[in-house]
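Have a look at the structure below, then the notes.
Every read-out reported here was derived from the displayed coordinates using simple, explicitly stated rules and does not represent laboratory data. Quick caveat: nothing in here was measured; it's all calculated off a predicted structure. Cβ coordinates were reconstructed from backbone atoms using ideal geometry, including for glycine residues, and neighbour counts include every protein chain displayed.
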Amino acid sequence: MIFEFFHVKHVGCVRFVCAACNNSPMNHPATQTLLSELTTLLGCDQVLSEGDLSSWEQDWRKRCNGRALAVVRPGCTEEVAGVVRVCSRLRAQHPECGLSIVPQGGNTGLVVGSTPDESGQQIVLSLQRMNSVREVDVENLTLTAEAGCILQSIQDRALALGFLFPLSLAAEGSCTIGGNLGTNAGGTQVLRFGSTRDLCLGLEVVTAQGDIWHGLSGLRKDNTGYDLRNLFIGSEGTLGVITAATLKLYPLPAAQLCAWAAVPSLEAAVTLLGLAHRCLGAGLTGFELMGQFALHLVDKHLTRLRVPLFRSAPFCVLLEYSDDESEEHAGHRLEHLLVLAQEQSCMTDAIVASSLTQARQLWHVRESIPLAQAQEGQNIKHDISVPVSGVAEFVRVTDALIEAAIPGVQMVNFGHLGDGNLHYNVQAPASMDAALFLRDHEDLVHRIVFDSVHAFGGSISAEHGVGSLKTDDLTRYKSPVALHMMGAIKQALDPQNLMNPGRVVKLPR
Ligand SMILES: Cc1cc2nc3c(=O)[nH]c(=O)nc-3n(C[C@H](O)[C@H](O)[C@H](O)COP(=O)(O)OP(=O)(O)OC[C@H]3O[C@@H](n4cnc5c(N)ncnc54)[C@H](O)[C@@H]3O)c2cc1C
C-alpha cells in the first residue's frame, strides 16, 4: 500500500491517506465493516451516512464545513460503549483508515470542536437521544441527567421541583449538559456558583477503549486519589464520552432583582463590582459589562428591544441580586448599593427592574449582543480573561495597540466582568468590508490581543474552550511543562488518538 501526506487546512494537521482506496474513506474496506456493525448495534435509523448531514457537519458560526463518515445516534450508555469498541477495534486493525470519533451535543460550541474535519474519516457521535433525567435526590440536592439533556430542560425540571440549577448561558435552549461539561461552560452565574465543573459531583463516562466508568457519585467529599471527574470535564471530547452526570441543585432565592447601571469608565465598573461584592455578599449572582458600541449594535439591529442608558455612558452594567429573605429586603439592599455607588461616582445613572418581565427584558438585551454583532457583519472574536484588577488596564493598553495597527477599528466589548471574562471583539473600521478585514487582519489582531492577555497573566480562552481554532495558540501561550502533562494524559487515556483528534492537544494521527 502507498501512503501519502495531505493537509487538512482548518485543523492544520497532517495525516496519512490510503491511496489503494482512491483517497475516499467511503471506499475503504473498514468503512463498510464499520457501517454494517454500527447498523447492527443501533439500527439503521440511527446510523446516517447519506443525505443532508449539514446540521451535524457545520459549526454554529458557519465558519467550518466538515464531512462526516457517518452520524451515529446511540440511545443508551451501553450503545455508546459499543460504538466506541467497534471504532477502536477497526482503528487498531486498519490504522491507515484514520477513523476517529467526534462527540457532539447541541453543536453550539464556538471553537469548532464538535464537528468533523474535512477528511471524511470521522464519525459524529451525537448524544441527542440520551435525554432523560435519571434521578432526583431532593435531600442530597442532586439531579442525575443523561448527557444529551438540553440545559434549559434541566433548569426547568429543577424549577418544577422548587430548586435552582444555576448554569445559564444564551445557548441554553440548544446546548446539552454533556457539551456544557465537555467545555466546562461558564455563562452568567459563575461569579456566585462557579463554572460547570463546580456544579457537577459525578460522571458516567465511556472511555476511549469502550469501557464504562460508573462515577455517578453524589458525594461532596471524596479524596480517594486523582480527580477523574475533573479530568473529563473540559476535555472537549478528547478523552472519552460523557454519558451522564450528577449535578448540584440549590434552593431557589426568595427574590431576585436586576439593576442596569450606566458607568463613567471601565475603572468605575470594576469599583462598582467591588462595592457590590461588599454590599450584597453571596447574593450578587450576576455582573455583566456592556460597551457602548456593543449596545449601539443591539439598538441598531434589534429595533424592538429598548436599550436603556447607553447613549451617554461608555459602559453599562447589568447586575443581578438574589435574596434569601424577601423582595422588600432585596429592594432595600440593592437601593443601598446604588446610593453608595452614586456617592462614590462609580455610577452615573441606574434603573431597577420592577418586575420579572422587566428583568427578563434587560437580560434579553445583554444576551442579544452576539446576534446584533453577527448582523453587523463578521468580526474578530476573543473570549479572554484577566484578573479583575487588571481588566481596565488590559483594555486600555490593548485598545491602543490595535488602534495603532489598524486605525478606525471598532471594539465590541462585553462579557462577564465579575469573572474577569471579556468577549473582546474587534469590528472592521466603518469604511472597510468585514470579510476583507477578517482575511487581512485576523492573525495580526489575535496576536496583539493574546500577547497582551499573556502579559496580563490571563487566559486566551476563558470559557469557550480550545477546539480546533485555538490549538496553535495554546502551543504558543501554555507553558511547555503544562503542554507536556496534557499530552501525557491524552496519550495515557487515548493512545490510539481515537477521540476528537486535533482538538485541544495535538498528537500525530
Ligand atoms: C449564542 C451563544 C452563546 C453562548 N454563550 C456561552 C457562554 O456564556 N458561556 C460559555 O461557556 N459558552 C457559551 N457558548 C458556547 C456553547 O454554548 C457552550 O460551549 C456549550 O457548553 C456547548 O454545548 P453543546 O451541547 O452545544 O456542545 P457541542 O457544541 O456539541 O460540543 C462542544 C464540545 O464538547 C464536546 N462534547 C459534546 N458532548 C460531549 C459529551 N457528551 N462527552 C464529551 N464531550 C462532549 C464536543 O466534542 C466539543 O468538543 C455560547 C454559544 C452560543 C451559540
> Length gain on complete extension for the stretch A488 to A92, per 0.36 nm per residue less the alpha carbon to alpha carbon distance?
Replying inline: 140.5 nm
>> Suppose each label sits 7 Å from its Cα in the direction of the beta carbon; what would the L401-W213 distance come out to in nanometres?
In response: 3.7 nm
> For the stretch 118-213, what relative contact order do you get, as a whole percent, if you take Cα pairs closer than 8 Å and at least 6 residues apart?
Replying inline: 18 percent
> How many nm separate the modelled label positions at R129 and L371, each set 7 Å beyond the Cα in the direction of the Cβ?
Replying inline: 3.2 nm
>> Taking 8 Å as the Cα distance limit and 6 or more residues as the minimum spacing, I'd like the relative contact order of the stretch 390-509 as a percentage.
In response: 18 percent
> What's the percent breakdown of Cα-Cα distances in the stretch 422-490 across 10 Å bins, shortest bin first?
Replying inline: 16, 46, 27, 9, 2
> By per-residue mean of other Cβ atoms within 10 Å, what is the highest-first order of 406-415, 303-312?
Replying inline: 406-415, 303-312
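Given a Förster distance of 56 Å, report the FRET efficiency between E393 and V138 from their Cβ-Cβ distance, rounded to the nearest 0.05.
Values: r = 47 Å, r/R0 = 0.83.
Taking R0 as 56 Å, the efficiency between E393 and V138 is 0.75.
Before anything else, pin down the relative contact order of the stretch 180-312: Cα pairs under 8 Å, at least 6 apart, normalised by residue count, whole percent.
On the way: 143 pairs, mean separation 35.8, N = 133.
Computed value for the stretch 180-312: 27 percent relative contact order.
Find how much the distance from A160 to R61 grows on full extension, using 0.36 nm per residue of separation minus their present alpha carbon separation; answer in nm with one decimal.
On the way: separation 99, 0.36 × 99 = 35.64 nm, distance 3.31 nm.
Value of the extension gain: 32.3 nm.
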> How far is helix 434-455 tilted off the main Cα axis of the chain, in degrees rounded to 10, range 0 to 90?
Replying inline: 80 degrees
>> About the Cα centre, and with charges only on the beta carbon of Lys, Arg (+1) and Asp, Glu (-1), how big is the dipole of the chain? Nearest 20 debye, please.
In response: 780 debye
>> Based on alpha-carbon centroids, what's the gap between the stretch 441-476 and the stretch 53-118 in Å, whole number please?
In response: 26 Å
> Which angle between 0 and 90 degrees, to the nearest 10, do you get for helix 151-160 versus the longest principal axis of the chain when only C-alpha atoms count?
Replying inline: 60 degrees
>> What does the charge count around H416 come to, taking other residues whose C-beta lies under 9 Å from its C-beta (Lys +1, Arg +1, Asp -1, Glu -1)?
In response: -3
> Separation between the R447 and E343 pseudo-spin-labels, each 7 Å from Cα along Cα→Cβ, expressed in nm?
Replying inline: 5.1 nm
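Measure up K62/K470; K62/K248; K381/K506; K248/K381; K248/K506 against 27 Å on the Cα-Cα distance and list the ones that go over. It would help to have the intermediate numbers written out before the result.
Values: K62/K470 17 Å; K62/K248 34 Å; K381/K506 23 Å; K248/K381 32 Å; K248/K506 33 Å.
Over 27 Å apart, Cα to Cα: K62/K248; K248/K381; K248/K506.
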>> Using only the Cα atoms of the stretch 136-208, what are the Rg and Dmax in Å?
In response: 11.8, 38
>> Can you compute the radius of gyration and Dmax for the stretch 231-372, using only the Cα atoms, both in Å?
In response: 17.4, 53
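What's the extension gain from H277 to E325 if we count 0.36 nm per residue and subtract their Cα-Cα distance? Provide the component values of the computation, followed by the final result.
Values: separation 48, 0.36 × 48 = 17.28 nm, distance 1.81 nm.
Result for the pair: 15.5 nm of gain on full extension.
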> Quick one: Karplus J couplings for the stretch 240-246, per residue in order, coefficients 6.51, -1.76, 1.60, θ = phi - 60°, nearest Hz, x for Gly and Pro?
Replying inline: x, 10, 6, 10, 7, 8, 9
> Considering only G43, Q32, T285, whose Cα is most displaced toward the positive end of the charge dipole of the chain, charges sitting on Cβ of Lys, Arg (+1) and Asp, Glu (-1)?
Replying inline: Q32
> Taking only DSSP H segments of four or more residues, each worth -39500 (n - 2.57), what value at 222 nm results for the chain once the sum is divided by all its residues, to the nearest 500 deg cm²/dmol?
Replying inline: -11000 deg cm²/dmol
>> Using only the alpha-carbon atoms of the chain as identical scatterers, what base-10 log of I(q)/I(0) does the Debye formula give at q = 0.06 Å⁻¹?
In response: -0.30
>> Can you sort R91, R333 from fewest to most other Cβ atoms within 10 Å of each residue's own Cβ?
In response: R333, R91
> If R0 is 41 Å, what FRET efficiency do you get for N27 and M432 from their C-beta distance, rounded to 0.05?
Replying inline: 0.35
> When only alpha-carbon atoms count, how far does the stretch 95-190 stretch along each of its three principal axes, as whole angstroms with the largest first?
Replying inline: 53, 26, 18
